[in-house]
Structures are given as C-alpha cells and as structure tokens.
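Okay, structure first, notes after.
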Amino acid sequence: MPRPYPFPAEAGIEPCLTELLNDPLMHKLLARDGLKVVDVIDVVRAWQKKRLPAMVAVAA
C-alpha cells in the first residue's frame, strides 16, 4: 500500500524506488531527459548484478 503523498517529512525516511518510479512527476522528469522507467530499472539491475555478489562475499 503506497504511503500518502507527500512522503513523510521525517528525517532519514525516503520513499522506496518502486514508489518513486510510480510517481507521475518522476515520469515527467524522466521524459524530459529522454528516459523511461525501464531505463532506470535496467541501470539498477546492472548495478545489482555487478555489486551485490561482491557485497555478499565480503559479508560471508
């Protein structure tokens, strides 16, 4: 269930990526820059693929 907008005004509380990517204003900002939600998702997945295995190895 999405949190009410605007997001809570508590320090250190940030909206999750899913909430941001579902925000119509974010869609307009991405479109202004010639991007789509899928472009952001692709970058996040590429970062996860590159970084998460190394992070898990350090934690083990």
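Just so it is clear, none of the values below were taken in a lab; they were calculated from the coordinates. Being a predicted model, the structure only gives us computed values, none of them experimental. All Cβ positions, glycine included, derive from the backbone under ideal geometry; neighbour counts span all protein chains shown.
Here the gap between GLU19 and ILE41, fully extended at 0.36 nm per residue and compared with their Cα-Cα distance, gives a gain of 6.6 nm. Summarising the label geometry, the points placed 7 Å from Cα in the beta-carbon direction at HIS27 and LYS49 lie 2.7 nm from one another.
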